[in-house]
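What follows is a set of notes on a single structure, which appears directly below.
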Amino acid sequence: MRIILVGYGKMGRLIDTLAAEQGIEVAGRVDDGRDEWRAADVAIDFTTADALLRNFPRYLQLKMPVVIGTTGWNEHAASLRAQAGQAGLGVVASANFSIGVNIFQLVVNEAARLMHHQPEYGAWIHESHHSTKRDAPSGTAILLRDSMISAGYGRDVDMSSTRAGAIPGIHTVGFDGPSDTIELTHAARDRRGFASGALVAARWIQGRRGWFTMTDVLQSS
């Protein structure tokens with residue numbers, strides 16, 4: 001597999017390192033001042049929302065499947081999805097490519113389904129990240145909230161964020177009732193899990209058309 005790394009910040013460099021360990025060829029690296037668009041099987045985009053909007057027409061033009069780990073572009077999701085569908089492009093888009101986080105999402109989904117029938121319980125999501133993370137709440141927190149809603153939890157979900165130090169990412173989903181509290185927590189120790197999951201998704205999307213999430217990848221692998 002040959003990949004293009006679009007965005008060469010912390011995540012891009014880590015994916016580059018893991019790709020070398022796994023025998024995956026990095027055909028090009030695209031970032032500010034670097035424009036190495038070359039023939040490849042898949043692009044992996046960890047840039048910014050603005051950069052993704054600039055890059056997406058290139059993926060369509062090259063008919064290059066793409067794994068999108070960039071967040072903060074939800075308002076453009078319907079448009080990008082329609083363009084991908086029209087072009088027959090394969091896309092895996094997720095706010096978080098960690099295998100553990102995506103399994104955590106399934107656990108949260110089931111808890112929310114059960115809590116739908118327990119109106120005395122209120123819910124909250126709190127997430128903590130490093131001080132340089134731009135979006136708050138995080139894309140993963142929004143993903144978890146949307147998963148709870150899709151499971152039938154129709155009450156308000158209070159959301160809050162912390163930005164401090166070098167925290168890789170901690171997400172807690174809680175349910176509180178008159179007599180007890182339930183907390184579900186996922187804590188990332190480093191970014192390696194995110195990078196590893198992105199490479200799993202890059203392998204999986206080859207030869208597929210359509211718009212997918214990391215949950216789709218895990219459930220059909």
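Quick note: the coordinates plus some simple rules give every number you see, no bench work behind them. Everything numeric here is computed off the predicted structure, so don't read it as measured data. Here the Cβ is made from the backbone with ideal geometry for all residues, glycine too, and neighbour counts use every protein chain on show.
Miscellaneous remarks
- Placing +1 on the Cβ of every Lys and Arg and -1 on the Cβ of every Asp and Glu, with nothing else charged, gives region 23-131 a dipole about its Cα centre of roughly 320 debye.
- Neighbourhood net charge (15 Å Cβ-Cβ; Lys/Arg +1, Asp/Glu -1) for Q219: -1
- Dipole magnitude of the chain, debye to nearest 20 (Cβ charges: Lys/Arg +1, Asp/Glu -1, about Cα centre): 760 debye
- The chain - percent relative contact order, Cα under 8 Å, separation 6 or more: 23 percent
- Every Cα-Cα pair in the chain was counted, and those over 29 Å apart are 28% of them.
- Each residue of region 191-204 was assigned a 3J(HN,Hα) from its phi angle through the Karplus expression (A = 6.51, B = -1.76, C = 1.60, θ = phi - 60°), giving 8, 4, x, 5, 5, 4, x, 5, 5, 4, 5, 5, 5, 5 Hz with x at Gly and Pro.
- Per-residue ³J(HN,Hα) for region 161-167, Karplus 6.51 cos²θ - 1.76 cosθ + 1.60, θ = phi - 60°, Hz, x for Gly and Pro: 9, 10, 10, 7, x, 10, 4
- Among I15, I68, I149: highest mean-square fluctuation, GNM of the chain, C-alpha pairs under 10 Å: I149
- Rounded to the nearest 20 debye, the dipole size of region 104-183 about its Cα centre is 340 debye, using +1 on the Cβ of Lys and Arg and -1 on the Cβ of Asp and Glu.
- Segment E183..D32, full-extension length gain: 50.2 nm, with 0.36 nm per residue of separation and the alpha-carbon distance subtracted.
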